1. Please state which one of Gly253, Gly270, Gly207 is more than 20 Å from Lys101 (Cα to Cα) and open to solvent by less than 10 Å² (accessible area, probe 1.4 Å).
2. Could you check Met295 against (1) of a type in the set (A, V, I, L, M); (2) crowded, with 23+ Cβ neighbours inside 10 Å; (3) over 19 Å from Ala44 (Cα atoms) and say which number it fails?
3. Pull up the range 182-240, narrow it to residues that are farther than 21 Å from Gln162 by Cα and acidic (Asp, Glu), then point me to the one that is nearest to the chain's Cα centre (by Cα).
4. Can you pull out the residues in the range 210-242 that are crowded, with 16+ Cβ neighbours inside 10 Å, small (Gly, Ala, Ser) and assigned to a helix (DSSP H, G or I)?
5. Collect the residues in the range 262-306 that are farther than 26 Å from Asp174 by Cα, in a helix (DSSP H, G or I) and in contact (Cβ under 8 Å) with a residue 60 or more places away in the chain, keeping them in residue-number order.
6. Quick check: is even one residue across the range 53-68 within 19 Å of the chain's Cα centre (by Cα) and among the charged types (D, E, K, R)?
7. Considering each of Leu81, Leu86, Leu74, Leu99 in turn, give the residue that is within 16 Å of Ala298 (Cα to Cα) and not acidic (Asp, Glu).
8. Being within 30 Å of Gln139 (Cβ to Cβ) and outside the structural domain of Ala147 (by the TED database) narrows it down to one residue among Ser105, Ser93, Ser10; which is it?
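The values are calculated or read from the model by the stated rules, or taken from the named source; none is laboratory data. These numbers were taken from a predicted model, which means no experiment stands behind them. Reconstructed Cβ throughout: ideal geometry from the backbone, glycine too, with neighbour counts over all protein chains shown. We work out accessible area using only protein heavy atoms, side chains counted, and drop any ligands, DNA or RNA first. Shrake-Rupley method; radii C 1.70, N 1.55, O 1.52, S 1.80 Å.
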Amino acid sequence: MLMTFDKLVSAVKAGRDEQVIAVAHATDSSLFHAAKAAMDKQFASFVFVGPVKEMEKLKQEADFTPEQSAKITLVDAENDLESAKLAVQLVKSNEANVLMKGMLSTTALLKAVVNKEAGLRTGKILSHIAGFALPQREQLLFITDAAMNIAPDLQDKVQIIQNAVAAVAKIGIDDPKVAVVGAVETVNPTMQATLDASALTLMNRRGQIVNCVVEGPLSLDIAVSEEAAAQKGVYSEVAGRADIIAVPTIEAGNLLYKSLTCFAGATVGGIIAGAAAPIILTSRADSVESKLFSMAMAVSASPPME
């Protein structure tokens with residue numbers, strides 16, 4: 001299925017009842033405007049956690065309709081740490097489907113997420129999956145992991161790929177093509193990334209990584225351009241047609257992520273997978289469209305509340 005940003009948003013609306021997003025420390029107007037955009041698309045309602053007087057003001061400024069206001073709950077919290085704790089509790093108790101970062105540090109939010117007693121741990125590695133809508137590409141492109149795992153080893157990479165595959169499958173991309181990228185497309189014993197990529201490819205062929213097609217090492221141009229793959233004589237199911245780019249390190253992923261947004265005009269959304277529910281990480285600089293993209297990804301990947 002050809003999945004675009006617009007199709008993703010439409011599919012979220014059509015595919016399930018409205019999901020509840022718990023926003024930790026919602027003390028910025030952009031969060032309320034993004035929530036309004038999601039509510040206009042009719043795929044989410046919201047619980048905003050933070051200083052209630054400040055949130056009341058922001059809610060009024062966002063100019064929600066009466067019907068939308070009825071689907072918003074405000075939960076009072078004195079500071080960012082309490083906001084994180086309460087928002088995580090809402091998800092853990094099945095009062096919300098998705099956890100979203102507001103105006104607090106990622107460290108503060110994840111501290112509440114990984115708390116052994118009250119958090120959202122599942123035993124899986126937590127990894128970030130970024131989705132990109134690019135002007136020159138009709139199909140969405142996904143990159144993992146550009147934000148969580150600094151220098152993943154081979155077993156970490158197995159889990160990172162499986163997290164991404166599970167997430168995009170829920171979005172509607174079955175048996176995604178995963179390109180494990182590096183500086184070159186051949187195995188070089190002095191370059192660990194190429195050794196890992198080769199091992200991941202073999203593990204996929206032997207059923208140790210499932211529900212996807214993995215190939216590597218591939219250079220980035222071969223992964224996304226059929227023309228480049230043909231010029232270099234690389235013909236395969238993944239070459240030129242990758243759905244997911246698995247990067248070797250956080251530096252490589254972060255540079256690719258920011259290159260696409262700064263130079264390629266990409267709209268980006270992102271979630272953290274591996275917890276009991278999807279987690280949305282946003283920044284003040286993200287556009288409303290970008291926040292909407294992240295919400296759509298998270299709602300698609302969220303389990304239904306019991």
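1. Selected residue: Gly253, the only one of Gly253, Gly270, Gly207 that is more than 20 Å from Lys101 (Cα to Cα) and open to solvent by less than 10 Å² (accessible area, probe 1.4 Å).
2. (3)
3. Per the criteria, the residue is Asp221.
4. Ala223, Ala228, Ala229
5. Step one: filter the range 262-306 for residues farther than 26 Å from Asp174 by Cα, giving 262-265, 282-288.
If we keep only those that are in a helix (DSSP H, G or I) as well, we get 262-263, 288.
The one that is farther than 26 Å from Asp174 by Cα, in a helix (DSSP H, G or I) and in contact (Cβ under 8 Å) with a residue 60 or more places away in the chain: Val288.
6. Of the residues in the range 53-68, the ones within 19 Å of the chain's Cα centre (by Cα) are none.
The answer is no, given that none of the residues of the range 53-68 is within 19 Å of the chain's Cα centre (by Cα) and among the charged types (D, E, K, R).
7. Details: Leu81 fails: within 16 Å of Ala298 (Cα to Cα); Leu86 fails: within 16 Å of Ala298 (Cα to Cα); Leu74 fails: within 16 Å of Ala298 (Cα to Cα).
Being within 16 Å of Ala298 (Cα to Cα) and not acidic (Asp, Glu) holds for just one of Leu81, Leu86, Leu74, Leu99, which is Leu99.
8. Ser10
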